[in-house]
Amino acid sequence: MLKENNKIIFGILYMLAASAFIGGTAVVAKILGKDYFGEPLSPFQISQSRFLYGFVFVLIFSLFYKIKIESPNPKLHLARTSLGWIGATILFGTSSLIPVNDAVAINFSNPVFAMIFSIIILKEKYFPYRSVAMIITFLGAIILLRPDFSNLYIEPVALVSIFGAICLGLEAIFIKLLTKCEKNTQILLINNFIGLILSSLIVIFFWQTPTFFQLLFCILIGFLMICAQIFFLIALRSNQLNFVIPFFYSTLIFVLFYDYLIFRELPDFLSLSGSLLIIIGGVYLFLKETNKDF
């Protein structure tokens, strides 16, 4: 029982660490998308920088430790990376066509789809309390993002956003499948290589030469994303996807915290309420996993 509880605790900690780094990339992307250090960079260039420098970091690590590529599954890698790139690109594109909060809120429904797919595709065991925890954390995320969802049911762009969320939910399934047959470094190397190719095909239409400080932040976003991917892979490798995925919503709490540290933006009542709901959902899930009688 103690060993199982340790597995649960570390699974949660790894997902929280991944969320902390993902929150960091969101803040860096926000800086690069503003005119703090020069003409704002396009979201497509920011996304390409993430893959470019992420690939460079993993490549250097792989060469230094002489890591070999062993029996990769090209179909799984291509499907995973393509779905992730499509989902992220849809988020960037729809954010300019509908209110940003609406686009992000719809995009953040991807853990819900991931939980559903994990039960249908991966045949993971279903526990009703996990769905309860997901609903609580998802409601907290919605409160944090404050979407108005105007014309949600008749706005084609909103439907495209939902498709993007489904793609990201499916991506999590392919990541879980890859952790069952390949090492973390190999997954990272191949993923970022394919992502670099896909994103580079688009960025040529939006490219602008970054300033020195923008270049530093571009490198930073690659490093942060690699760290996020490492912890995400570790969390999925030893735990069921539909257990750890609700903790992904803690990303929004970390973004609030970073915004305060860097931009001195104080969270209001709704931000605190949404954060509290996410924490309650996480604590509830943890208690249910470690004490089935709770």
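Here residue 279 meets the list (1) more than 17 Å from residue 11 (Cα to Cα); (2) surrounded by fewer than 19 Cβ atoms within 10 Å (Cβ to Cβ); (3) under 20 Å from the mean Cα position of the chain (by Cα) almost entirely, failing just condition (1).
Being over 22 Å from residue 177 (Cβ atoms) and assigned to a helix (DSSP H, G or I) is the requirement here; does residue 219 meet it? In short, yes. Within the stretch 231-241, the set of residues being outside any loop (DSSP other than H, G, I, E, B) and either at pLDDT below 90 or charged (D, E, K, R) (or both) comprises just one member, 237. If the condition is being part of a loop (DSSP other than H, G, I, E, B) and crowded, with 18+ Cβ neighbours inside 10 Å, then the stretch 1-41 contributes only 41.
Contact map, the stretch 215-238: residues that are charged (D, E, K, R) paired with residues that are part of a helix (DSSP H, G or I), Cβ distance under 8 Å, separation 6+ or inter-chain. Pairs shown: 237/179; 237/184. Selection of the stretch 229-238 for residues being under 25 Å from residue 51 (Cβ atoms) and either open to solvent by 30 Å² or more (accessible area, probe 1.4 Å) or of a type in the set (Phe, Trp, Tyr) (or both) yields 230, 231, 232, 234, 237.
Screening the stretch 239-276 for residues that are among the β-branched types (Val, Ile, Thr) and surrounded by 19 or more Cβ atoms within 10 Å (Cβ to Cβ) and picking the one that is nearest to the chain's Cα centre (by Cα) gives 251. Residue 225 meets each of the listed conditions (1) open to solvent by less than 20 Å² (accessible area, probe 1.4 Å); (2) within 21 Å of residue 57 (Cβ to Cβ) apart from (1).
The values are calculated or read from the model by the stated rules, or taken from the named source; none is laboratory data. Because the structure is predicted, anything quoted here is derived from the model rather than measured. With ideal geometry, Cβ positions are generated from the backbone for all residues, glycine too; neighbour counts draw on all protein chains shown. Calculation scope for accessible area: heavy atoms of the full protein, side chains included, ligands and nucleic acids excluded. Shrake-Rupley method; radii C 1.70, N 1.55, O 1.52, S 1.80 Å.
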